[in-house]
Amino acid sequence: MIYIDIYIEDPFLHNETLTYHHDEFLASGVRVWVDVRNSRRIGFVKESHNRVVDFETKAIEEVIDQEPIINDELLELGHWMAKTTLNPIIRCFQAILPNQLRPSSSSQQKQMVIMLKVKDASLASTKKQQEALEGIGNGMSLTMANKQFKSIVSTLEKKGAIERFEEEKVYVPKTIEIKESSLQLTSNQQSVLKQIDLSSTTPYLLHGITGSGKTEIYLQVASEVLALRKQVLVLVPEISLTPQMIFRFQQRFGQDIGIYHSGLNAQEKYEQYVRVQKEEVSIVVGTRSAVFLPFHNLGLIVMDEEHDDSFKQESTPFYHARDIALRRSKVHQCPLILGSASPSLESYARAYKGVYQLLELPHRINNSLPQIHLIDTSSSLRNLNYEPVSRQLISALNDNLRQNQQSMLLLNRRSYAPVMKCGHCGHVLMCPHCDTTLAYHKEDNVYRCHTCDYASHQRQCLECGHEVLEMKGLGTQRLEEIIQRSLPTARITRMDRDTTQRKNAHQKLLDEFNDQKKDILIGTQMIAKGLDNPNVTCVGILSPDSALLHEDFSSAERVFALILQASGRAGRHQLEGHVYIQTFNPDHYAIKYALKQDYKSFFNHEMKYRHMGQYPPYSYLIEIIFSHKNEESLNEIVQKYQLQLMECSNFTTLGPASLRKRQQKLRSRIILKGKDLEDMTSTLNSIHQQNIRDLKGVNITINVNPNSIAS
């Protein structure tokens with residue numbers, strides 16, 4: 001008898017397998033239907049063997065796949081992810097595969113097209129029927145036929161002259177005219193290129209200030225890789241950055257570029273996945289999930305804006321795209337280039353130690369850095385004459401309008417007003433499911449929770465019944481209204497999560513702005529990175545210091561990077577740029593160093609702070625979050641984990657601490673801090689395995705190396 005070990009998503013199993021029997025060996029990576037506690041479930045084959053087992057096994061009910069749906073490299077990657085991140089292995093495979101191929105899906109959906117085939121040409125009795133047969137003989141599909149032609153097809157079918165059949169839709173790559181040749185490199189760029197070895201697996205950290213020509217380095221290295229007939233993967237942190245990166249690569253290489261991000265529907269993702277698998281595409285630009293595509297011949301991985309938090313998935317399965325990219329670059333023996341104007345402290349520290357090779361582009365190519373203007377709003381707040389948008393910034397925007405130049409305003413807070421407060425009793429409107437304030441969205445006239453998306457149309461205070469609700473704080477919707485009222489002739493567009501829900505919305509908004517159909521672009525952090533518009537000469541950054549209010553070890557780094565990146569959007573070409581930073585906290589070191597565009601001084605200052613608290617990169621963190629509706633059940637499990645973890649002396653156990661309620665569930669958190677990550681994960685995994693069958697319904701999520709530990 002042949003035994004099959006199978007992974008199944010089950011709260012009692014974590015990364016253990018169940019054993020079934022079958023009449024033949026099944027390859028690893030094949031999906032099957034099995035019975036689990038009288039429930040029919042889809043499983044994922046780990047291995048087949050004929051080792052004797054001392055327990056009774058059930059038979060596999062049905063084999064779904066004739067061949068593995070995941071190659072050996074990605075299969076091993078899934079096991080490695082599960083081991084190093086303590087995620088359930090089934091969730092790792094779900095992250096790796098597109099929807100149609102995931103273990104939870106029972107079928108591979110292929111897009112089919114109806115084709116026509118000549119069966120008996122002698123039955124065509126008219127000239128039009130004979131012309132139709134000629135077209136069909138050249139490989140015509142039914143979808144290509146017009147209304148009149150379909151009528152002739154129907155007649156020929158009835159006569160038996162032709163027949164129809166289905167075949168899988170084949171993607172035909174498009175080509176575009178090459179508009180751009182290689183640019184003249186600066187001496188700094190030439191020096192950087194000479195240091196990149198295509199056979200090296202030592203990661204390269206490309207630290208270049210905004211506008212220094214990092215993208216040109218990516219293009220030059222990609223050109224060398226493509227000449228070797230290898231594939232290139234370019235990762236960007238936001239969907240909004242994919243169109244511009246694709247455009248640059250298309251201009252240079254004149255070929256169709258693969259694209260992979262969450263804005264594609266399930267079928268489009270599957271098609272892109274198959275194209276990469278069949279090596280029908282040489283270059284792919286995508287966001288975080290593109291790091292899992294099934295490349296067979298990968299020659300280069302580029303991770304642009306490598307510092308960005310968006311590269312870390314902060315839900316199960318938790319992972320950082322940089323870690324996956326590092327792993328895959330070693331497997332494929334290809335270079336990984338991590339590019340940023342404000343590298344993450346972890347990456348720069350690794351370069352400082354020699355783990356990464358540091359490459360630097362310290363100068364802008366086309367122009368000097370923009371002039372920075374600091375607008376201190378702390379005094380106006382104390383004197384109770386605070387204006388959400390300062391007169392100085394309004395004046396600068398007006399000057400830009402008169403000169404037919406464009407402006408960008410960054411406020412990293414969507415909605416009209418983030419807080420609604422009763423003017424009668426002072427009660428703040430809160431989400432009934434989460435300990436989160438309800439933000440007012442004026443366009444929909446609704447109060448919305450930004451945690452669970454709960455929406456309320458309630459107009460009265462829930463505490464006292466009065467309808468005197470006051471708006472507190474500033475969101476992008478209100479900012480747009482203020483600017484439009486101050487500059488009535490300005491053509492304004494807004495780019496935040498609310499305006500980019502629809503497919504291709506990012507592209508449409510950016511096209512309008514880049515084509516100078518809009519004068520001012522208002523947005524959240526998605527507009528701070530990578531955008532290159534030669535007519536943008538004024539950038540306003542409002543309240544970047546709001547992130548400093550969060551008690552989090554990485555808040556200063558986040559503020560510094562946001563200001564540095566957003567400032568880099570102004571004056572990138574021939575026109576002089578101006579940046580206005582409106583802040584309540586002008587003396588904070590993150591803002592001071594950002595004003596000077598001085599990354600190295602900020603790095604040195606921040607590393608002293610991190611060393612004092614033994615925060616990353618001086619330690620590793622693991623965040624364990626427990627959630628349940630019942631407080632007694634929650635506390636029982638949390639205390640059990642706490643006691644077992646505190647027996648370990650190789651790392652520090654912090655907590656437990658209560659977190660804000662989320663989606664009607666109480667939450668508690670324990671944080672592990674230590675020097676030996678392998679020891680930390682191994683110990684926690686052992687404790688988790690001991691307790692997993694007795695959690696009393698308490699949900700546990702484990703996040704290895706979280707970007708943030710704010711509650």
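The values are calculated or read from the model by the stated rules, or taken from the named source; none is laboratory data. Bear in mind that the values here come from a model prediction, so they are computed numbers and not experimental data. Heads up, the Cβs are rebuilt from the backbone with ideal geometry, glycines too, and the neighbour counts pull from every protein chain shown.
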### Summary
The one condition residue 582 fails out of (1) crowded, with 18+ Cβ neighbours inside 10 Å; (2) assigned to a helix (DSSP H, G or I); (3) at pLDDT 90 or above is (2)
### Query
Name the residues in region 336-355 that are in contact with a Phe, Trp or Tyr (Cβ under 6 Å, 6 or more places away or on another chain) and either at pLDDT below 95 or of a type in the set (A, V, I, L, M) (or both), would you?
337
### Query
Considering region 203-246 alone, what residues qualify as being in a loop (DSSP other than H, G, I, E, B), more than 21 Å from the chain's Cα centre (by Cα) and β-branched (Val, Ile, Thr)?
209, 210
### Message
Cβ contacts < 8 Å: first residue in contact (Cβ under 8 Å) with a residue 60 or more places away in the chain and buried (at least 18 other Cβ atoms within 10 Å of the Cβ), restricted to region 673-702; second residue part of a helix (DSSP H, G or I) and small (Gly, Ala, Ser), any location; separation 6+ or different chain. Result?
### Response
698/633
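Table: residues versus (1) modelled with pLDDT under 95; (2) buried (at least 22 other Cβ atoms within 10 Å of the Cβ); (3) assigned by TED's automatic domain parsing to the domain that holds residue 305; (4) under 30 Å from residue 700 (Cα atoms).
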residue: 563; (1), (2), (3), (4): yes, yes, no, no
residue: 576; (1), (2), (3), (4): yes, no, no, no
residue: 594; (1), (2), (3), (4): yes, yes, no, no
residue: 597; (1), (2), (3), (4): yes, no, no, no
residue: 648; (1), (2), (3), (4): yes, no, no, yes
### Task
Could you grab me the full set of residues in region 72-88 that are more than 14 Å from residue 703 (Cβ to Cβ) and crowded, with 24+ Cβ neighbours inside 10 Å?
78
### Task
Mind counting the residues in region 309-326 that are under 11 Å from the mean Cα position of the chain (by Cα) and part of a loop (DSSP other than H, G, I, E, B)?
1
### Query
Looking at (1) under 29 Å from the mean Cα position of the chain (by Cα); (2) surrounded by 15 or more Cβ atoms within 10 Å (Cβ to Cβ), which is the one condition that is false for residue 471?
(1)
### Message
Being closer than 22 Å to residue 418 by Cβ and among the hydrophobic types (A, V, I, L, M, F, W, C) is the filter here; which residues of region 506-555 pass it?
### Response
520, 521, 522, 526, 527, 528, 541, 542, 547, 548, 549
### Message
Against the conditions (1) loosely packed, with under 13 Cβ neighbours inside 10 Å; (2) at positive phi, where does residue 29 fall short? Just the number, please.
### Response
(1)
### Summary
The one condition residue 15 fails out of (1) more than 20 Å from residue 318 (Cα to Cα); (2) among the polar types (S, T, N, Q); (3) in contact (Cβ under 8 Å) with a residue 40 or more places away in the chain is (1)
### Task
Would you tally the residues in region 492-546 being of a type outside the set (Val, Ile, Thr) and part of a loop (DSSP other than H, G, I, E, B)?
21
### Message
I'd like to know if region 625-642 contains one or more residues that are charged (D, E, K, R), more than 17 Å from residue 561 (Cα to Cα) and touching a helix residue (DSSP H, G or I) at 6+ places or on another chain (Cβ under 9 Å).
### Response
yes
### Message
Would you confirm whether or not region 64-80 contains a residue that is touching a strand residue (DSSP E or B) at 6+ places or on another chain (Cβ under 7 Å) and either under 30 Å from residue 680 (Cα atoms) or at pLDDT 95 or above (or both)?
### Response
no
### Task
Please report, ordered by residue number, the strands (runs of 3 or more DSSP E) entirely within region 1-66 with at least 2 residues that are of a type in the set (A, V, I, L, M) and out of contact with any Gly (no Cβ under 7 Å at 6 or more places or on another chain).
2-7
### Task
Identify all residues within region 231-289 that are among the hydroxyl-bearing types (Ser, Thr, Tyr) and more than 26 Å from residue 522 (Cβ to Cβ); write none if there are none.
260, 270, 273, 282, 289
### Task
Please indicate, with yes or no, whether at least one residue in region 478-492 is more than 21 Å from residue 422 (Cα to Cα), of a type in the set (S, T, N, Q) and under 31 Å from the mean Cα position of the chain (by Cα).
no
### Message
Take the conditions in contact with a helix residue (DSSP H, G or I) (Cβ under 9 Å, 6 or more places away or on another chain), modelled with pLDDT of 90 or more and surrounded by 15 or more Cβ atoms within 10 Å (Cβ to Cβ) and apply them to residue 358. Does it pass?
### Response
yes
### Message
Considering only residues that are out of contact with any His (no Cβ under 7 Å at 6 or more places or on another chain), not in a helix (DSSP H, G or I) and not hydroxyl-bearing (Ser, Thr, Tyr), which ones fall in region 339-358?
### Response
339, 341, 354, 355, 357
### Task
Test each condition in (1) under 21 Å from residue 433 (Cβ atoms); (2) in a helix (DSSP H, G or I); (3) under 30 Å from the mean Cα position of the chain (by Cα) for residue 682 and report the one that comes out false.
(1)
### Query
Within region 431-453, is there a residue that is under 25 Å from residue 400 (Cβ atoms) and hydroxyl-bearing (Ser, Thr, Tyr)?
no
